[in-house]
Amino acid sequence: MALFRQVKSKKIPNENIIVLENVCKAYATGAPALSGVNLTIKQGEFVFIVGDSGSGKSTLIKLLLRELLPTSGEIYVNGQNLQHIKRRNVPKYRRNLGVVFQDFRLLKDRNVFDNVAFAQRIIQVPGREIRKNVPTILSVVGLAGKYKAKPRQLSGGEQQRVAMARALINRPPILLCDEPTGNLDPKNSWEIMKLLEQINQKGTTIIVVTHNREIVNEMQKRVVTMKKGIIVSDEEKGGYIDED
Amino acid sequence: MRISTLFYIMKQGIANIFRNKWFSLASVATISACLLLFGIFVAVIMNFNNIVRTAEQGVSVTVFFADNISEARILEIGEDIEKRVEVAKIEYISAEQAWEDFRMEYFGEEYSDGFTENPLENSSNYEIYLSDVSLQGSLVSYLESIPEVRQVNRSEITASTLSGMNALIVYVSIGIIAILFAVSVFLISNTVMIGIQVRKEEINIMKYIGATDFFVRSPFVIEGIIIGGVGSVLPLGLLYLMYNIVVEFIAQKFTVISSFLSFLPVTEIFQLLLPLCLAMGIGIGFLGSMITVRKHLRV
């Protein structure tokens, strides 16, 4: 758990780590994916973003990853205006974000150790430190004994833990999770959510895009509900709003 | 950049080759096939060119002079001829030398003793070898314009045939290189397309984690260079081994042809082919991998 202490010490109470100001995103065809979205997320918050398909959740994640730029409006992450980040500096920006996807997105031909170590290699952490950090983070996600396994030899839950270890090893202040339990059974889903809660308690801001009604209702966290590209509700300790 | 990062990138480049064995094999095979065809073509063209050049060197124009022209004037004319660009080499054959050559060739020592005077008295001549057979026409016009020149002997058919051969070599070379290039581009772009599908997801993951373009691209480029290098060394090795076997085979089976054909040694062919094939193979590998990855870096 030593890995997360540094983030905790950096924590500034009530600091807005993510700010979206009147953000619109329109694609070449079809209705706008986001229309006038305003959202503020404080450092250390745990936020669920829920909504049906086509509600704009994925576009929001892509905007935060700086994969897309908004058609209008401003997005600030960690005080940086994303529109002002040059393309060559995007990789550096992304290192502030840990990302976990529904389909895990592990490098299939590399073992668990190499998948997790990859995130450190790209920021040129010395090999000696990588060999120390990877087992530590793997023990945090409960996979210390499986560092040699290839992704195909692991269960869905285990693969998602590897993806989380990879997302967390560089101690990002923000963890973006796009449907992290989408491919998991209820037991594994709960274990992943508990792990996310633990990580959040150590100071990491967590944003989880999900469809999982049970988890959202049970965990009693902030819930932002989106529909057709706008935020229809934003509640502290909220629940999953049914489609009308 | 850290040394350890450099080693990591190189290690990944090599590991990529083994991770995608079939793709690597397909790429090596494609590059090898293209370069083998190219190599065979270069070897054939170089030999063909050599045969034509050898024939060209034997093409000459002979100039005979009018009666009673002085030896000094003949030498003066010879100096003027030698200065011309069409001329590679000029040989003076005096009347005495001409008779001597004729006598030895046709009669032999004993039969020619009956001649007291030189029957070829007016046959002092220059044997002029051309720098380029296509220039024969202009040289002949010049020679015929000299008043003291009685006769100019030339071989119009040989010169025009050889000139035609030269032009043919150029056209055939351009044609075959264009066809080979088109085939290579088609085959290699297909292989690269398969490569894109294999790599798309991997490149996306790397980019989402925050890898720089350089970090993502470098192992692929190293992989491409190695594949290109191997893809060029294999056909070069094969050509080296096959060349002497084929030349020997032609010499044995087609004795009629081989009597007037002179094949270049394999070392001479490889002086051109080795750097050319290596540069092409490595170049194709480098560019192919750069293009493959580049398309997917904008994530």
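A short reminder: the numbers here are calculations on the coordinates, not readings from a lab. What you see is a predicted model; the values in this text were computed from it and never measured. Neighbour counts are summed over all protein chains in view; Cβ atoms, including those assigned to glycine, are modelled from backbone coordinates with ideal geometry.
A few notes on this one:
- DSSP beta bridges confined to the protein assembly as shown are antiparallel in about 60 percent of cases.
- Take each residue of peptide A:104-115, count the partner chain Cβ atoms within 10 Å of its Cβ, and average: the result is 3.
- Subset of A:LYS42/A:LYS202; A:LYS42/A:LYS221; A:LYS42/A:LYS228; A:LYS62/A:LYS237; A:LYS57/A:LYS194; A:LYS92/B:LYS11 violating a 20 Å alpha-carbon distance limit: A:LYS42/A:LYS228; A:LYS62/A:LYS237; A:LYS57/A:LYS194; A:LYS92/B:LYS11
- Estimated dipole of the protein assembly as shown in Debye, rounded to 20 [Cβ of Lys and Arg +1, of Asp and Glu -1, Cα centre]: 6560 debye
- Using Cβ point charges alone (K and R +1, D and E -1), the dipole size of chain A about the Cα centre works out to roughly 1580 debye.
- The stretch A:1-155 shape via C-alpha gyration tensor axes, a/c threshold 1.5: prolate
- Computed about its Cα centre, the charge dipole of the stretch B:162-299 is approximately 460 debye, with only Lys, Arg, Asp and Glu carrying charge at their Cβ.
- The protein assembly as shown: C-alpha gyration tensor shape, a/c 1.5 cut-off, then a/b vs b/c: prolate
- Placing unit charges on the Cβ atoms of the charged side chains and taking the dipole of chain B about its Cα centre, the candidate lying farthest along the positive direction among B:ILE227, B:ASN125, B:TYR243 is B:ILE227.
- Dipole of the stretch B:1-76, positive direction: furthest Cα of B:TRP22, B:ILE51, B:THR62, with charges on the beta-carbon: B:TRP22
- Cβ neighbours within 10 Å from other chains - mean over A:88-94: 4
- Debye intensity ratio in log₁₀ form over the Cα atoms of chain B, taken at each q of 0.07, 0.10 Å⁻¹: -0.51, -0.75
- Highest-MSF residue in chain B out of B:MET206, B:MET104, B:MET46 [GNM, Cα springs under 10 Å]: B:MET104
- Unit charges at the beta carbon, dipole of the stretch A:141-200: most positive-side option, A:GLY145, A:GLN160, A:PRO172: A:GLY145
- Counting only aspartates and glutamates at least 8 places from A:LYS25 when in the same chain, those with an alpha carbon closer than 12 Å to its own are A:GLU74.
- Straight-line cross-link partners of A:LYS150 among the lysines, defined as a Cα under 17 Å from its Cα and at least 8 positions apart when in the same chain: A:LYS108.
- Nearby aspartates and glutamates by direct alpha-carbon distance to A:LYS148 (threshold 15 angstrom, same-chain neighbours under 8 apart not counted): A:ASP109, A:ASP114, A:GLU158
- Within 10 Å of each Cβ in A:119-131, the average number of Cβ atoms from other chains: 4
- Packing rank of B:221-233, A:98-110, B:57-69, where each peptide gets the mean count of other beta carbons within 10 Å, highest leading: B:221-233, A:98-110, B:57-69
- Choice from A:LYS146, A:LYS57, A:LYS132 showing the highest fluctuation, given a GNM over chain A with Cα pairs closer than 10 Å: A:LYS132
- Max mean-square fluctuation residue, GNM over chain B, Cα-Cα springs under 10 Å, options B:TYR171, B:TYR142, B:TYR129: B:TYR142
- Prolate/oblate/rounded label for the stretch B:134-176 (Cα gyration tensor, a/c 1.5): prolate
- Annotation: the residues A:HIS211, A:HIS84, sorted from fewest to most other C-beta atoms within 10 Å of their own C-beta, follow the order A:HIS84, A:HIS211.
- Sorted peptide list for A:22-31, A:46-55, criterion being average Cβ within 10 angstrom, highest first: A:46-55, A:22-31
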